[in-house]
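Trainee: Submitted below is the structure of interest, expressed as structure tokens.
The values are calculated or read from the model by the stated rules, or taken from the named source; none is laboratory data. Just so it is clear, the structure is predicted and the values come from calculations on it, not from any experiment. Neighbour counts are summed over all protein chains in view; Cβ atoms, including those assigned to glycine, are modelled from backbone coordinates with ideal geometry.
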2 protein chains.
Amino acid sequence: MTASDAMLSAEPVTAAILVIGDEILSGRTKDKNIGYIAEYLTNIGIDLREVRVVPDIEDEIVAALNALRAKVSYVFTTGGIGPTHDDITADAVAKAFGVTIDHDPRAIAMLAERFPPDQLNEARLRMARIPAGADLIANSVSKAPGFIIGNVHVMAGVPSIMQAMLDVVAPTLKTGVRMLSETMRAGLKEGDIGTPLAAIAKAHPETSIGSYPFFSDTGPDTNIVVRSRDPERLAEASAAVAAMIATERARLAG
Amino acid sequence: MTASDAMLSAEPVTAAILVIGDEILSGRTKDKNIGYIAEYLTNIGIDLREVRVVPDIEDEIVAALNALRAKVSYVFTTGGIGPTHDDITADAVAKAFGVTIDHDPRAIAMLAERFPPDQLNEARLRMARIPAGADLIANSVSKAPGFIIGNVHVMAGVPSIMQAMLDVVAPTLKTGVRMLSETMRAGLKEGDIGTPLAAIAKAHPETSIGSYPFFSDTGPDTNIVVRSRDPERLAEASAAVAAMIATERARLAG
């Protein structure tokens, strides 16, 4: 076994996202965080395995969080850490971990960088309520911190703030071998290549091959995406797909 | 109790979305269906209670589907019903319901409207595999149908096709009293109104009041959204919020 093989056979690092907020479920706010975090994690070698969106109901948040944190290396939550009554994420996380929650002097100090004492009112101090034992995630945009407890990273829902927090958190994460991918546009309908593509997928079990139909200006088309952590396996399967596409194009043109 | 009261006290009709697809979790494809379905359901009086995104792994799909279908009136799935090897939703749904799955003559007839016999190959016939006992959902875009089994509606992942299927399904759904909402832009930071807003929320328990911060050209601002199925309760709570906003603006300006 080479060093590269050992690296490739290591356990993957996995993640889940828990989006918290009635506004996403009502459709009023269109989520922009799931796609951003998904792409971000893929790029640093972490596999996103599941996403859940739950309402601002404590029991729902607790149940989803406890289910997800047992399944993956890291959970990332978004939403529900602001200063208003509907921001209940910190309390729900404390409940999920069975720890107390109180105003955290470190978090108050962060808020004090932005707000003079007369503005540091009850509502804003709510954003300093942090579960016992949590580490804070700095917020360069608006100061109110996120936090990390166990394998759970609690972040803001506002995309610009969430993104800043993710940049702070990322260097602290263990990461896996990055998933490599190659995308090939077939110029063919998905149904024309389904059978030979299945044979290629079966012959290359160490890769994951996805087929994604779309409508282009010239009609139905398909993107084939080959994914693997091993560059050699990726190249082999991609070559097989490219050859199949050429064969099927010739067959259908002939 | 008036007829209106009886209507308002009826059990809400609820829903969940199950998005199936590695491409969403990898970030390669940005989901456009969750927000669309969420808004659609809200508009017809159905409460979306949860969303999950799972990979193309049968056990994961089965577990998520069985959890969700027990919790809500309707589940809507998107993705995984195409002609390629990674399209495993129909088989997973059959497994979740403990029923057999086979090529369905009704579905084959639909495919035959688009594909001449020489194009109705093994891959395309895969799209006619339907769990026993399911009803079909017509697909006006590309013919390959979705299906309904129990309270589960299985739809395509391509947004244009999913939207066409949702239009077919919607008239068959029982719907609740539509959730009404009023949105007020505060012109104030969320932290400035958190305390009085919490008091209003507490005083109007038959409404749901959300606070959504955003950055405008002039700096941090907040939208307050009051929601209720009862127009009178909505009006009362909205008036209270409007008065509070006026008071706080005057206080902060003074």
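Trainee: Restricting attention to region B:130-182, and to residues there that are touching a Lys or Arg at 6+ places or on another chain (Cβ under 8 Å) and hydroxyl-bearing (Ser, Thr, Tyr), which single residue is farthest from residue B:28 (Cα to Cα)?
Mentor: That would be B:181.
Trainee: Mind checking which residues of region A:183-204 are away from chain B (no Cβ under 12 Å) and closer than 27 Å to residue A:48 by Cα?
Mentor: Correct list: A:184, A:185.
Trainee: Using beta carbons and a limit of 8 Å, which pairs, at least six apart or on different chains, have the first residue in region B:74-87 and more than 14 Å from residue A:209 (Cα to Cα) and the second one polar (S, T, N, Q) and in a loop (DSSP other than H, G, I, E, B)?
Mentor: Between residues of region B:74-87 that are more than 14 Å from residue A:209 (Cα to Cα) and residues that are polar (S, T, N, Q) and in a loop (DSSP other than H, G, I, E, B), the close pairs are B:74/B:151; B:75/B:151.
Trainee: Select the strands (runs of 3 or more DSSP E) contained entirely in region A:1-109, then report the ones holding at least 3 residues which are in the same structural domain as residue A:229 (by TED's automatic domain parsing) and in contact with a Pro (Cβ under 7 Å, 6 or more places away or on another chain).
Mentor: It comes to none.
Trainee: Regarding residue A:115, is this residue surrounded by 24 or more Cβ atoms within 10 Å (Cβ to Cβ), in contact with a helix residue (DSSP H, G or I) (Cβ under 7 Å, 6 or more places away or on another chain) and not charged (D, E, K, R)? Let's see the steps before the verdict.
Mentor: Values: surrounded by 24 or more Cβ atoms within 10 Å (Cβ to Cβ): no; in contact with a helix residue (DSSP H, G or I) (Cβ under 7 Å, 6 or more places away or on another chain): yes; not charged (D, E, K, R): yes.
So residue A:115 does not fit the description; no.
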